[in-house]
Each structure stands twice: as structure tokens, then as C-alpha cells.
Amino acid sequence: MKMALQVAAGLIVIVLGVYGVINIPRWVVESRKETTEAIIVLITPETLIANCGRPLSDKQEDVAKMRSGLVRSMEFKGIHSTVTAVFYGSDKTAWVFNHVDVGSAERINSWDNQSASRMISELPCVGGPNVR
């Protein structure tokens, strides 16, 4: 009887171990996806400066004629190319992340979670400790 309980317990441990090993890659991918989405939602000009340091350029433009508000473009040195983060805001609202231009050819929109990881890989400091 004691031997049967040991064998049953061993089989349960093996089954749970196999289940865990099979699902680890999925858990890692889901965790990275959630982290990327959180970074994109929470990014502000202030967190970018806190995490990445002073930008190469920081321009603010009044676009009230086209839209109601302001556009702020911040340019940073990425790993392989220049990264320009663009935010929209107004006197009455906070800055809202809109998109990033990576180099001169690639635009990553704030709602494109799949491409957002590309932005983070080019400018890793984006996901630094000051994103809350």
C-alpha cells in the first residue's frame, strides 16, 4: 500500500512537471506582451526623460489650426537608429503617446502592440524603472 502511494505521488509530480515545462514558453510570451502593453499605455515625456536621459531634441508645436492642441516630438539615440516619440496634448489635457518613428522608414503606432516590442528593442530604456 505504501509503495502504491509513492508511485501515485511520483506520477502526479511527473505530470505536473511536464505540464509546467510545456506551458513555460506560453507564460513567458504572455508576460512580455503584458509588459509591453503596460509600457505603451503608461509612457509619457517625463518617463522617457527619466528612463532614457535628455533627448537629442525636444520640440513642441501648436497644431490648433489642424487639431485642438499640441504635438511634442522627442528624439533619442536608439541602438541602431534615431527614435522619435510623438505625443499629443493640450493646455487642458496631459500628454498622450501617439507613435514612434524608428529611423526614417518605420512608424510604430501606440495601439500596435505587436510592433511595440520593436520600439522597446530599439530603445530599451523605455521600459525602465520609472514607468508606472
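When ranked by the protection proxy of mean other Cβ atoms within 10 Å per residue, highest first, what sequence do the peptides 42-53, 116-127 form?
Ranked by mean Cβ neighbours within 10 Å, highest first: 116-127, 42-53.
If we sort 88-97, 7-16 on the protection proxy, mean other Cβ atoms within 10 Å, highest first, what's the order?
88-97, 7-16
Within a Cβ distance under 14 Å of S73, other residues only, what is the Lys/Arg minus Asp/Glu net charge?
For residues surrounding S73, the net value is -2.
Quick note: the coordinates plus some simple rules give every number you see, no bench work behind them. Every value quoted in this text rests on a predicted model; they were computed, and no experiment measured them. When we count neighbours, we look across all protein chains shown, and the Cβ atoms used for this are built from the backbone with ideal geometry, even at glycine.
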